[in-house]
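Engineer: Dropping a structure here in structure tokens format, bear with me for questions.
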Amino acid sequence: MVTEPLLTEAQDNMQEGRTRGTATLILRDKTYTVPAGITVRQAIQKAGLVPESVLPTRDGELIPEDERVRDGDVIHLVAVISGG
Amino acid sequence: MRKCRKCGQRAVVYMRQHRLALCKEHYIEWFIEQTARTIRKYRMFTKEDRVLVAVSGGKDSLALWDVLWQLGYQAHGLYIGLGIDGGIGYSDRSREAVETFARERNLHLIVEDVPTQYGEGIPEMARRTRRGRGKPCSVCGLVKRHIMNRVAREGGYTVLATGHNLDDEAAVLFGNVMTWQVGYLARQHPVLPARDGLVKKVKPFFRFYERETAAYALLRGIRYVYDECPFAQGAKSIYYKELLNKLEEERPGTKLQFFLGFLRAKEQGAFAPVQEEVDEELHACEVCGQPTTAPGRCAFCRLVTPGEPVSKPALIAPPLTTPSVVSETASETGARGTVT
Ligand SMILES: [Zn+2]
Ligand SMILES: [Zn+2]
């Protein structure tokens, strides 16, 4: 039986396609800091938000949820829920 | 990386409930086609109809007008200025967004301004009446329904279209189920035929998730008002939408099944209309001529004509019109479906 070798944090990050650093999510007047390297969808979840209720944009353009957030990224979330 | 089902390029929108990923171009195409299909499938209107679209300045109603325009329907817009500021110039900004939209596309827009015509805005009207106690949304719904029907009749429009999406409809349904408002369940439908002076009402976006109408507006570069109506904050409908979205996260398609299942159940005879309501005749209001359940003046005329208070009977008059009318602004958290 082969046991998995323990990975260092750096290797772990590389394996999951992560890069170091953080990205910022902005929803209305709130900002959330998330680690770079995870997907936009994961980042929204990590911020404690419901992906179904927001749309991620960068520079006013809609971005795919499976895109990975990069170090220094600023992602504006557009709330899709309106009242009434 | 997800690829567009149509062209294989990078997808920008993924709809989990349909397992469908599309690029910008094909998403816009899909969205327009789906609207056309819904309009046909539910016999909402044809190219012969003159359609009046209620536009609030929000994403749904502007997206709807945009789609109907692209599909070549005869669709004019109706904006109703409600006189709501809320510290953010809500009504002014909404009007500006709608006017800019219409100008850019060379579309015909009708503007009705409540404060100009009736001397006061919705918040002031609400403060004077029982109906408005707490929140002005009920008064607002009444005023919008009245004006929309009047403008449609005056202008010879055969159909009134609103931008309600599936989340709007599912939230209303959820609320009515939670409290077992059987009468409202009987009346909730994306197509309400014309009757006795009430113009036909349709909701061509009722199968789209709110997320999809927002994505369409963004991808098309439609400049809409992001802010809520200040009075919608904390509304029950928003709370229900958030709850439903949590369910949707766990099980994609939940919202759609909930609402389409309801329509199917109705077709099979569930939620039959209450008999007294079916039998009830509508009278013409002695002041404005619009249909009302009680003889005499309609609830709207009693609201806008000072002197006589809006009396209790009018408030509990069985609702025969649409359960919810104008698009997504300060709408009908309260008296859903009250006849004007
Ligand atoms: Zn494509
Ligand atoms: Zn009247």
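Engineer: Is it true that some residue in segment B:13-34 is outside any helix (DSSP H, G or I), over 19 Å from the mean Cα position of the chain (by Cα) and of a type in the set (K, R)?
Structural biologist: yes
Engineer: Find the residue count for segment A:62-77, including only residues that are away from chain B (no Cβ under 14 Å) and not β-branched (V, I, T).
Structural biologist: Final tally of qualifying residues: 4.
Engineer: Related question: Within segment B:150-165, can one find any residue that is farther than 30 Å from B:D113 by Cβ and in contact (Cβ under 8 Å) with a residue 60 or more places away in the chain?
Structural biologist: Within segment B:150-165, none of the residues are farther than 30 Å from B:D113 by Cβ and in contact (Cβ under 8 Å) with a residue 60 or more places away in the chain.
Engineer: Of the residues B:A126, B:A186, B:A102, B:A171, which single one is assigned to a helix (DSSP H, G or I), more than 27 Å from B:V287 (Cβ to Cβ) and at pLDDT below 95?
Structural biologist: B:A186
Engineer: How many of the residues making up segment B:152-172 are surrounded by fewer than 21 Cβ atoms within 10 Å (Cβ to Cβ) and not β-branched (V, I, T)?
Structural biologist: Qualifying residue count, segment B:152-172: 4.
Results for (1) surrounded by 15 or more Cβ atoms within 10 Å (Cβ to Cβ); (2) β-branched (V, I, T), shown as yes or no for each residue.
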| site | (1), (2) |
| --- | --- |
| A:L27 | yes, no |
| A:K30 | no, no |
| A:P35 | yes, no |
| A:V40 | yes, yes |
| A:G48 | no, no |
| A:S53 | yes, no |
| A:D59 | no, no |
| A:P64 | yes, no |
| A:L77 | yes, no |
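Engineer: In the list B:R207, B:R220, which residue meets the criterion of being modelled with pLDDT of 95 or more, within 29 Å of B:L68 (Cα to Cα) and within 16 Å of ligand 1 (Cβ to nearest atom)?
Structural biologist: B:R220
Engineer: Among the listed residues B:E281, B:E277, B:E242, B:E286, identify the single one that is within 10 Å of chain A (Cβ to nearest Cβ) and of a type outside the set (G, A, S).
Structural biologist: Result of the check over B:E281, B:E277, B:E242, B:E286: B:E242.
Engineer: Also, I was wondering about something else. Any idea which of (1) in a helix (DSSP H, G or I); (2) within 13 Å of chain A (Cβ to nearest Cβ); (3) in contact with a Lys or Arg (Cβ under 8 Å, 6 or more places away or on another chain) is the one B:G57 doesn't satisfy?
Structural biologist: (1)
Engineer: Name the one entry in B:F259, B:F231 that is surrounded by 14 or more Cβ atoms within 10 Å (Cβ to Cβ), assigned to a helix (DSSP H, G or I) and at the interface with chain A (Cβ under 10 Å from one of its Cβ atoms).
Structural biologist: From the options B:F259, B:F231, the qualifying one is B:F231.
Engineer: Do you know which of the residues in segment B:18-35 that are near ligand 1 (Cβ under 9 Å from one of its atoms) and over 24 Å from B:E249 (Cα atoms) is farthest from the other protein chains (Cβ to nearest Cβ)?
Structural biologist: This residue is B:E29.
The values are calculated or read from the model by the stated rules, or taken from the named source; none is laboratory data. Just so you know, these numbers come straight off a predicted model, no measurement behind them. Every residue, glycine as well, gets a Cβ built from its backbone with ideal geometry; the counts of neighbours run over all protein chains shown.
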